[in-house]
Amino acid sequence: MNNRLQKLRSRFREKGIDGIFITQSENRRYLSGFDGSSGFLIISKQKAVLATDFRYTEQAVGEAPDFEILRIANNISDWFPGLIRELDIKKPGFEARDVTYDFYRQLIEALKKKKVKVEMVPVDGMVEHVRAVKEPGEIELIRRSCAITDAAYESVAGTIKPGMTEVQVAWELEKNLREKGSQSLPFEIIVASGPRGALPHAKPTDRVIEEGDSVVIDMGAKYKGYASDMTRTICAGEPDATFRKVYNTVLEAQKAAMEIVREGIPGKKADGAARKIIREAGYGEAFGHALGHGVGLAAHELPRVGPRAEGPLTEGMVFTIEPGIYISGWGGVRIEDTVVMENGKAVPLTEAVKGSY
């Protein structure tokens with residue numbers, strides 16, 4: 001954790017701050033090790049404090065040994081201004097995307113009430129950019145999460161047949177994920193059959209899967225806080241010519257993106273390689289989302305892998321490659337793997353079998 005704090009502090013000067021107030025839950029866990037559901041980090045150039053309430057103070061002592069633990073109550077004016085003064089922070093950064101307007105107002109009023117003169121500075125992505133490059137231990141936890149996902153999918157995929165409902169399939173997947181070691185799921189499982197496959201983020205319904213339907217399954221596990229993300233598309237019964245064409249186009253697009261990913265290329269280049277295959281097959285307008293996203297403590301985080309992603313993909317980054325085609329009235333196909341940038345190339349961490357059509 002000390003190494004992570006040093007990386008964060010090294011960015012204080014460029015952001016014009018001399019401390020930071022952490023409210024975002026994954027960032028709090030990443031920097032401190034504390035995984036309770038309530039608490040704040042206040043980090044100065046020299047000190048790091050974890051402020052939490054009665055329910056979590058004992059847990060915090062065990063999980064965050066690099067932090068001073070401060071027991072707090074609900075009224076932020078009782079502790080926040082005094083702590084800012086004690087740490088001698090004049091320009092505290094705060095996580096602008098996480099702090100609501102109402103909470104910001106409470107902070108400002110508390111500081112005024114206690115006559116603590118500071119300049120609250122909005123910052124964005126400071127911790128997230130540090131999190132984007134994974135440490136070896138983090139990669140191993142994600143690898144374990146991916147293995148759970150693979151095993152759960154392969155236990156269920158062969159049992160899916162016409163007559164089952166989407167909800168039934170989703171429940172079988174969730175049961176298997178939990179039985180094989182997943183914590184609470186990182187996101188709600190997607191099972192979208194037939195025409196509903198055209199909805200990239202469809203929720204499972206009581207729709208009965210019919211003969212010849214495409215079935216899009218998007219699922220993930222969480223192991224010791226770290227997520228995985230994988231999508232497979234199967235055909236319930238005998239695939240027709242449309243399914244074969246769409247499926248093989250998406251599979252080819254994913255392979256093209258995998259092959260072009262190299263250390264230092266921008267995310268948009270990988271996206272472009274997949275998008276070119278889909279466009280040339282006549283489905284350019286049917287691929288409307290980015291090629292991928294980072295995976296870690298959150299199911300969606302940095303890096304970005306899309307048409308406007310300028311940042312380089314670098315060693316140690318973990319992200320998804322997930323092209324898709326979605327056709328209104330027919331359905332959809334998406335194929336997604338979580339990969340790690342290792343030895344300069346994309347190495348798949350999810351390895352569940354992909355259909356051959």
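Computed from the coordinates by the stated procedures, all read-outs in this text should not be read as laboratory data. None of the values given here were measured: they were computed from a predicted structure. Cβ sites come from the backbone with ideal geometry, for glycine too, and all protein chains shown count toward neighbours.
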Can you list the HN-Hα couplings for region 165-177, worked out from phi with the Karplus curve (6.51, -1.76, 1.60; θ = phi - 60°), rounded to whole Hz and with x for Gly and Pro?
9, 4, 5, 4, 5, 4, 5, 4, 5, 5, 4, 5, 4
From the residues Gly344, Leu297, Gly324, which one has its Cα farthest along the dipole of region 238-357 in the positive direction, the dipole being from +1 and -1 charges on Cβ of Lys/Arg and Asp/Glu about the Cα centre?
Gly324
Could you work out the relative contact order of the chain? I mean the mean sequence separation of Cα pairs under 8 Å and 6+ apart, divided by the number of residues, in percent.
14 percent
Can you list the HN-Hα couplings for region 314-329, worked out from phi with the Karplus curve (6.51, -1.76, 1.60; θ = phi - 60°), rounded to whole Hz and with x for Gly and Pro?
10, 3, x, 6, 10, 8, 9, 10, 9, x, x, 10, 10, 10, 4, x
Mean ellipticity per residue at 222 nm, deg cm²/dmol - from DSSP H runs of n ≥ 4 across the chain, formula -39500 (n - 2.57):
-10500 deg cm²/dmol
List every residue whose amide H lies under 5 Å from the amide H of Phe94, counting only residues 5 or more places away in sequence or on a different chain, with H placed 1.01 Å from N in the peptide plane.
Phe21, Val121, Val123
If I model a spin label at Glu238 and Glu86 as a point 7 Å from the Cα along the Cα→Cβ vector, what separation in nanometres do I get?
7.5 nm
Once phi is turned into ³J(HN,Hα) by the Karplus curve 6.51 cos²θ - 1.76 cosθ + 1.60 with θ = phi - 60°, what whole-Hz value does each residue of region 296-307 show in order, with x for glycine and proline?
x, 5, 10, 6, 10, 8, 5, x, 8, 9, x, x
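If r is the Cβ-Cβ distance from Asn2 to Glu179 and R0 is 45 Å, what FRET efficiency results, to the nearest 0.05?
0.75
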Here D for the chain, in µm²/s, from Stokes-Einstein with a Kirkwood Rh over Cα pairs at 4 °C and 1.567 mPa s, works out to 59 µm²/s
Bins of 10 Å, starting at 0 and running to the largest distance - Cα pair percent for region 254-357
16, 50, 29, 5, 0
Restraint check, Lys15/Lys90; Lys203/Lys245; Lys91/Lys117; Lys269/Lys354; Lys134/Lys222, Cα-Cα greater than 21 Å:
Lys203/Lys245; Lys269/Lys354
Dipole magnitude of the chain about its Cα centre, charges +1 at Lys/Arg Cβ and -1 at Asp/Glu Cβ only, in debye to the nearest 20?
1380 debye
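Loop only per DSSP, at most 16 neighbouring Cβ atoms within 10 Å: give me the chymotrypsin sites (Phe, Trp or Tyr not before Pro) in region 1-60, ordered by residue number.
Phe54
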